[in-house]
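To start, the structure itself, in structure tokens.
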Amino acid sequence: MSGVNWWAIAPLLVLSGGAVLLMLLVAARRDTPLSWITTALILAAAALSCLPAREAIPQAVTPLLMADSYALFFTALFAICGLVTVIVSHEYLGERHGENEEFFLLVLLSTLGAVTLAYANHFVALLLGMELMGVSLYALIGYPDKLELPLEAAIKYLVLSAAASITFVFGFALLYAAVGVLDYPGIGAALASADNPVLLASAAMIVAGLGYKLSVVPFHMWTPDVYEGAPAPITGFLAAVSKGAIFAALLRWWMASGLYELPGLLTLVALVAGASMLVGNLLALLQDNIKRVLAYSSIAHMGYLLIVLVACGLVADPHLAKEAAAYYLVAYSLTSLAAFTLLGLLSRASGSKELASLDDLTGLFWRQPGLSLLFTVALLSLAGIPLTAGFVGKFYLFSAGVAGSLWGLLALLVIGSAIGLYYYLRMVYRMTLAGDAQPAAVERPGWPARLTCYGLVLAMLYLGIVPGPLMEILRTIL
Amino acid sequence: MKDLLWLIPALPLASATLLILGGRLMSPRIVAALGVGSVGAAAICVLLTVLQWQGAPLESQLWTWMQVGELSAGVSFYVDGLTLVMLSVITGVGFLIHLYSAEFMAGDESYARYFAYLNLFVTAMLTLVMADNLLLLFFGWEGVGACSYLLIGFWHFDAANGAAARKAFIVTRAGDAAMALGLFLLFAEFGTLDIQAMSAAAGERWEVGNPTAVLATALLLGGAVGKSAQLPLHTWLPDAMAGPTPVSALIHAATMVTAGVYLVARTHELFLLAPPTLLAVAIIGLLTLLLAAFAALCQHDIKRILAWSTISQIGYMFLGLGVGAWGASVFHLMTHAFFKALLFLAAGAIIHCLHHEHDIRNMGGLRTRLPLVFISFLIGAAALSALPLTSGFYSKDLIVLAAFEAPVAGPWLWAGAVLGAFLTALYSFRLVFVVFFGRTNTLPDRQPGPGMATPLAVLCAFALVGGWLGVPVSNVFPEAETGHAALWVEVISIGVPLLGLGLAWLLFLGRGLDAGDLVASPPGQALYGFWHAGWRVDGLYDWLWVKPYMGLAALLRSEPVDRLYGAVVGLCRLLHRALSNSQTGRLRQYGTVMVVGVIVLLNIVWRAAG
């Protein structure tokens, strides 16, 4: 390991060191606010450590990890998303559960898994990151252990994840049998010679395993149940970080191994993408439970994202597709994080239980004008209304699709967005209705959570109104 | 003075703005002072401009409204002799009518609203005539249309007034649409809408009779026909009498309805390149003047008689334009503004003093009861009939003689114009004799006050001697070839109105013939009904346009196209239900779906790989 510039993997070191530190801290002294602040600091440090790490790239750190600008970009994104989750979770958990130190530890570990995925350049690293992230998530989903719904969700996620992992690992085995290597560039090099069905089967099974985590059709069944059961900030984390990291890893594998040159795989991904867009939006259409609506809509969003994987194979220069994917991921992560965070805060501010059904939204504008307005912006961004990040992201995807002449998928994208508009606006409409006058004892969320929400929404608007700078960054690093 | 041109439209605009914003808070006295004073001040500005005018066109560029590609739309004014005539009429007659309104409308609960609209109208009309490009002209053109709509429907609590206002708006809109197309065409041809630049370019680009020139001028003529209530878009003007009488005097007699004449005169260099359009202008004018004169003969509402008479007189102006007597038309426009405003204001005074009585059959013998009104009306009717030495005589005579010398069908046009002159005298003096002579049917309960009497007196003077003023348009229009018509032509032209007067005397003063007998005979009855209804054009249009449109609207009311979208919605709902049923929440079924999914994926890749 001589000659390695350790700065290249500084975020990984910060996060794993931080996890150990936090564990020791908790062992020494149980103090929720202290561990909360420590976790937040560690995540902030991880995000900031990307800046000096830029000096040391590109560099392969062992065959497993590839430290490049792609990895650092997503590392920063996931660390920030983790930070947001931690900040608002404290608010959300409140005094419900007494001592919550392990919650923050789990978020930290899960983020570490996500960052590993951003670096992964080898299937072993991919599996490691995926499981680290997943195992922490099982516990996080079922964290409110006195309630039935979170436990049910955790069990479902656990069992089905196990099945997906098995499929995934089986895919490895076949891949190894077909080409004899497991690092991405090696696979790419072997691809030209290995023209056999085993390779295709292995790729299909790996896509299936990752597709489960992305919750695309036909591996989407778990999504609504888990989204509904998990605590709102964790649902946001699941949507933003878990899916984002898996997609980042998938995209790197896809590009580095040149898999998009296999027509069979392109067909497969195109079908999955189309089905996801349609099924996700249709399922969300008349759904009455807010979290389930957002769950179904996430299926559709992942379908939109898969368009870029197909586009990669059909354009001369896949850079546009890659940029589109990265931009969309940023926009989607911020937006879904904001949506679930606000949902959590609104639930808490409304005093009672979790906001569950659409009816609970009625008249929210008049009770909680500030938070409702932010929530509205988040919903509009999810729907892809101009002047929000969601619009620019979708526009980017669309142009990538146009470059690849994917008319069928683009038609589905348009139809899906049209259906989507209905259920997003339905929620906004519900909030503006005159509610029954019940000015329940309104509890204002603390300033860190509020500030975070404002920051997220401002970022969304900024990316929607001035998309140029981020596009420029993506163009240079990808 | 050139730098102060902007003041002319700005003064009434400022007043209108103040009245709209704060009119409710002002006392009627202040409202009247503001409304009347602003137009008076504008009139003084115009007077100063006229006095200092050297004969060269004045140009004043205020600002650029927008600049898109080649199109540069500026708010800039161009004032030459033609514009000065229009400005004088609009502000001069306009001021008198505003003054008259102050008394006529006293006590109306929407006094401030009335003056706000009226001032706004004056602003728009001034913009229309001062604009140096067709876009700004069109802006003023639509502005006067909107104000006309607002003022016809001023007493909007009566639904019939609202209907009349809508009719006026929609019918003129048909013409405006044609005019807008004409503007597009001209812009496409020349890349500019500046009138002077366009006129110069047209002379170089188009030879006489160029088809594009004919089309463009025909489209402009469409706008002119709508605004000036000429055939076939004349039907709105009689109904527009639903508005207050001073409004009828200002908008629907003296100024707005002559905007079409102004437009044709302003763009005469284009029309000169399109002889077919010019002939159409003459024929439209002739037909309109005759049809409207017959219709005027058979009305009993005093304002409707005057409205039909207005249509007929504008027909004379169009005839003049069509035969190339540009100056004569503009001259007639001016004298018509004097005597028709006088007639309307006098009619308004009668209506005012006779408890809102409109029907001339209920009037009579007012000669001694309302002497000032009688004198005003007599002078107005004499000028309208073009009796020698009145203002109308000079202007109408010029048009009639020019018609005789027209290159195409001159004698025919002349004969029609002469017949029209005969009819004009007949219906004018029918009005005078029926209203002011004979038995007194209704007694007036008051006399017009000084606010109404003064404008009447001033307008009397102008209607009498306005013919000596002349119009300074020799630099604007090409020199007319002045041939001398044969003596018999002149004699007939001058004598015919006297014949009409004589016949009216016989028929309506009961001297030998009785109009009642004529109307009672079967053919008389039929003709009377036919002409009373304005040649039943309204019925025709109702059948031709309104009914099919309403039918279509009724058909679309159930939104048949929406059914299609309804089906899409239904399909989505159906799919949603079907898919939702798959979300059972049972882990074993979820697992099964995953396994099946993997198998399907494997099948897809193998199949694709062949």
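Averaged across B:573-584, how many Cβ atoms of other chains sit within 10 Å of each residue's Cβ atom?
Partner Cβ neighbours, averaged per residue: 5.
Please report, in whole Å³, the volume per residue of the convex hull around the C-alpha atoms of region A:3-158.
104
Once region A:219-359 is represented by equal point scatterers at the alpha-carbon sites, with solvent omitted, what log10 I(q)/I(0) does the Debye formula produce at q = 0.09, 0.15 Å⁻¹?
So the normalised log intensities work out to -0.30, -0.75.
Given a cut-off of 21 Å, name the pairs among A:LYS156/A:LYS213; B:LYS303/B:LYS340; A:LYS146/A:LYS243; B:LYS167/B:LYS547; B:LYS167/B:LYS396 whose C-alpha atoms lie farther apart than that in the structure shown.
A:LYS146/A:LYS243; B:LYS167/B:LYS396
What does the charge count near B:HIS352 come to, summing +1 for each Lys or Arg and -1 for each Asp or Glu among other residues with Cβ under 11 Å from its Cβ?
Charge balance in the 11 Å sphere: -2.
Can you pull the semi-axes for region B:405-524, root of five times each eigenvalue of the Cα gyration tensor, sorted largest first, whole Å?
34, 27, 11
By how many nm would the segment from B:GLU59 to B:THR212 grow when fully extended, if each residue of separation counts as 0.36 nm and the alpha-carbon distance is taken off?
Length difference between fully extended and current span is 52.1 nm.
Could you compute the net charge surrounding B:LEU579? Neighbours are other residues with a C-beta less than 14 Å from the C-beta of B:LEU579; K and R count +1, D and E count -1.
That works out to +3.
Taking θ = phi - 60°, what integer Hz values does the Karplus form 6.51 cos²θ - 1.76 cosθ + 1.60 yield along region A:383-394, in sequence order, with x for Gly and Pro?
Whole-Hz 3J(HN,Hα) from phi for region A:383-394: 6, x, 7, x, 6, 10, 4, x, 5, 4, x, 5.
May I ask for the Kirkwood hydrodynamic radius of region A:266-478, worked out over all distinct Cα pairs and given in angstroms to one decimal?
After inverting the mean inverse Cα-Cα distance, the result is 17.7 Å.
Once amide H atoms are built 1.01 Å from N in the peptide plane, which residues 5 or more positions from A:VAL61, or in another chain, come under 5 Å H to H?
Amide H to amide H, under 5 Å and 5 or more residues apart or across chains, A:VAL61 pairs with A:MET66, A:ALA67.
So what is the 222 nm mean residue ellipticity for the protein assembly as shown from helices alone, if each DSSP H run of at least 4 adds -39500 (n - 2.57) and you divide by all residues, rounding to the nearest 500 deg cm²/dmol?
So the helix-based figure for the protein assembly as shown works out to -24000 deg cm²/dmol.
What does a probe at A:TYR422 reach in region B:565-583, counting residues whose amide N is under 18 Å from the point 7 Å along Cα→Cβ?
Residues passing the 18 Å test: B:565-582.
For chain B, which semi-axes, largest first and in whole Å, follow from the square roots of 5 times the eigenvalues of its Cα gyration tensor?
Ellipsoid half-lengths, sorted descending, are 52, 31, 27 Å.
B:GLY74's amide H: which non-local residues (gap 5+, or another chain) put their own amide H closer than 5 Å, with H modeled 1.01 Å from N in plane and none for Pro or chain starts?
Hits under the 5 Å cutoff: B:TRP65.
Suppose each label sits 7 Å from its Cα in the direction of the beta carbon; what would the B:ILE30-B:ALA14 distance come out to in nanometres?
The answer from the label model is 1.6 nm.
For region A:128-280, how big is Rg over Rh, using alpha carbon atoms and the Kirkwood form of Rh?
We get a ratio of 1.01 for region A:128-280.
Taking only protein heavy atoms and a 1.4 Å probe, what accessible area per residue, in Å², does chain A have with all protein chains in place?
Solvent-accessible surface per residue comes out at 34 Å².
On a 1.4 Å probe surface of the protein chains, which of B:HIS576, A:HIS319, B:HIS156 comes out largest in accessible area, and what is the full order?
B:HIS156, A:HIS319, B:HIS576
In square angstrom and rounded to 100, what buried accessible area do you get between chains B and A, total over both, with the probe at 1.4 Å?
About 2500 Å² of accessible surface is lost on pairing.
Using a cut-off of 11 Å between beta-carbons, work out the net charge of the residues near A:ALA383 (Lys and Arg +1, Asp and Glu -1, A:ALA383 not included).
The answer is +2.
Volume per residue, Å³, of the convex hull around the alpha-carbon atoms of the protein assembly as shown?
Hull volume over Cα atoms, normalised by residue count, gives 236 Å³.
Heavy-atom accessible area of B:LEU4 with all protein chains present, probe 1.4 Å, nearest 10 Å²?
Roughly 80 Å² of B:LEU4 is accessible to a 1.4 Å probe.
Return a whole-number percent for the relative contact order of chain B, with Cα pairs under 8 Å and 6 or more residues apart as the contact set.
12
Taking only the alpha-carbon atoms of chain A, what semi-axes of the equivalent ellipsoid follow from 5 times the gyration tensor eigenvalues under a square root, in whole Å, largest first?
They are 34, 27, 20 Å, listed from largest to smallest.
Over region B:1-104, give the accessible area per residue in Å² for a 1.4 Å probe, as an integer.
The answer is 48 Å² per residue.
So for the protein assembly as shown, taking the charge dipole from beta-carbon charges (+1 Lys/Arg, -1 Asp/Glu), which of B:LEU120, A:PHE219, B:GLY591 sits furthest toward the positive end?
Of the options given, the answer is B:GLY591.
Roughly speaking, what is the centre-to-centre gap between region B:30-107 and region B:275-325 when only Cα atoms are used, to the nearest Å?
Spelled out, the Cα-based centre of one part sits 27 Å from the other.
Could you give the dipole magnitude of region A:266-478 about its Cα centre, charging the beta-carbon of Lys and Arg +1 and that of Asp and Glu -1, in debye to the nearest 20?
200
Looking at chain B, identify the longest residue range that excludes and avoids all trypsin sites (Lys or Arg not before Pro) in DSSP loops having at most 15 other Cβ atoms within 10 Å.
Within chain B, the longest run free of exposed trypsin sites (Lys or Arg not before Pro) spans B:1-438.
Have a look at A:LEU160, A:LEU251, A:ALA273 and report the one farthest towards the positive end of the charge dipole of the protein assembly as shown, computed about the Cα centre with Cβ charges (Lys/Arg +1, Asp/Glu -1).
A:LEU160
Ignoring ligands, DNA and RNA, what percent of the accessible area of chain B is carbon or sulfur (1.4 Å)?
Reported share for carbon and sulfur atoms: 68 percent.
By how many degrees, between 0 and 90 and to the nearest 10, does the Cα long axis of helix B:487-508 differ from the longest principal axis of chain B?
Its long axis makes an angle of about 90 degrees.
State which stretch of chain A is the longest one without any exposed GluC sites (Glu not before Pro), exposure meaning a DSSP loop state and at most 16 other Cβ atoms within 10 Å.
Maximal segment without exposed cleavage sites: A:100-442.
Go through A:LEU320, B:LEU25 and list them by solvent-accessible area, largest first, probe radius 1.4 Å.
Sorted descending by solvent-accessible area, the residues read B:LEU25, A:LEU320.
The values are calculated or read from the model by the stated rules, or taken from the named source; none is laboratory data. Just so it is clear, the structure is predicted and the values come from calculations on it, not from any experiment. Virtual Cβ from ideal backbone geometry, glycine too; neighbours counted across all protein chains shown. Please note that ligands, DNA and RNA were not included when accessible areas were found on the heavy atoms of the full protein model with its side chains. Shrake-Rupley method; radii C 1.70, N 1.55, O 1.52, S 1.80 Å.
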